[in-house]
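The values are calculated or read from the model by the stated rules, or taken from the named source; none is laboratory data. The shown structure was predicted, so the numbers you read here are calculated from the model rather than taken from an experiment. With ideal geometry, Cβ positions are generated from the backbone for all residues, glycine too; neighbour counts draw on all protein chains shown. With ligands, DNA and RNA removed, areas are computed over all heavy atoms of the protein, side chains included. Shrake-Rupley method; radii C 1.70, N 1.55, O 1.52, S 1.80 Å.
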Amino acid sequence: MATSSFIFKLCHFLSFPVDIKEVCVFLAPVFSALTALSSYLLTREATGRSEAGLFSALFVAVVPAYITRSVAGSYDNEGVAIFALLFTFYLYIKAINTGSLL
């Protein structure tokens, strides 16, 4: 709910005419796409091969358990949580490999 509220307020601050219902409907699919991207980044960083990252993003995109949680209109926190989990793992691996937080 906090994520939807933040995105709604940000859109209004940037003068985008959007309704809170539209934000809630499209929140899960947008974060699903971001999850596939973070899965690609995580796997590419861990293995060093972009092909493995592409397969990882493909598997995340087509797994039935995740599709049911990330369809348009499914307003739940799992889409945001799985994205945050994968992106945090990516940032952790990136920091270990580079030796820096930046």
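Taking all protein chains into account, the per residue accessible area for the chain stands at 67 Å² (1.4 Å probe).
Positive contributions from Lys and Arg (+1) and negative ones from Asp and Glu (-1), summed over other residues with Cβ under 15 Å from the Cβ of Glu51, come out at +1. The packing ranking, built from the mean of other Cβ atoms within 10 Å per residue, places the peptides 12-20, 57-65 in the order 57-65, 12-20, highest first. I'd like the orientation of helix 50-62 relative to the chain: the angle between its Cα long axis and the longest Cα principal axis, in ° from 0 to 90, rounded to 10. Once rounded, the angle reads 40 degrees.
Please give the calculated 222 nm ellipticity per residue for the chain, where each DSSP H segment of at least 4 residues contributes -39500 (n - 2.57) and the sum is spread over every residue; nearest 500 deg cm²/dmol?
Calculated from helices alone, the mean residue ellipticity at 222 nm is -25000 deg cm²/dmol.
Could you check how much of the accessible area of the stretch 1-57 is carbon and sulfur, as a whole percent, using a 1.4 Å probe?
72
Note on Lys9 and Val63: the model spin-label points, each 7 Å out from Cα along the C-beta direction, lie 3.3 nm apart. Figure legend: label point modelled 7 angstrom from the Cα of Asn97 along Cα→Cβ; residues of the stretch 9-40 with amide N under 20 Å from it are 34-40. The 1.4 Å probe gives accessible areas that order Leu34, Leu42, Leu91, Leu101, largest first, as Leu101, Leu91, Leu34, Leu42.
In the complete set of protein chains, residue-level accessible area for Lys94 is approximately 80 Å², probe 1.4 angstrom. Here is the list for the stretch 22-87: trypsin sites (Lys or Arg not before Pro) lying in DSSP coil, each with at most 11 other C-beta atoms within 10 angstrom of its C-beta, are Arg49. Against the main long axis of the alpha-carbon atoms of the chain, helix 20-47 sits at an angle near 0°.
Using a 1.4 angstrom probe on the protein heavy atoms only, could you order Tyr40, Tyr92, Tyr75, Tyr66 from most to least accessible area? Each step should come with its number before you reach the end.
Numbers: Tyr40 50, Tyr92 140, Tyr75 90, Tyr66 20 Å².
In descending accessible area the options line up as Tyr92, Tyr75, Tyr40, Tyr66.
Once C-alpha pairs closer than 8 Å and six or more residues apart are averaged by separation and normalised to the residue number of the chain, the relative contact order reads 30 percent. The average projected area of the chain, computed from the convex hull of its Cα atoms over all directions, is 7.3 nm². If r is the Cβ-Cβ distance from Thr88 to Val25 and R0 is 30 Å, what FRET efficiency results, to the nearest 0.05? Rounded to the nearest 0.05, the efficiency is 0.70.
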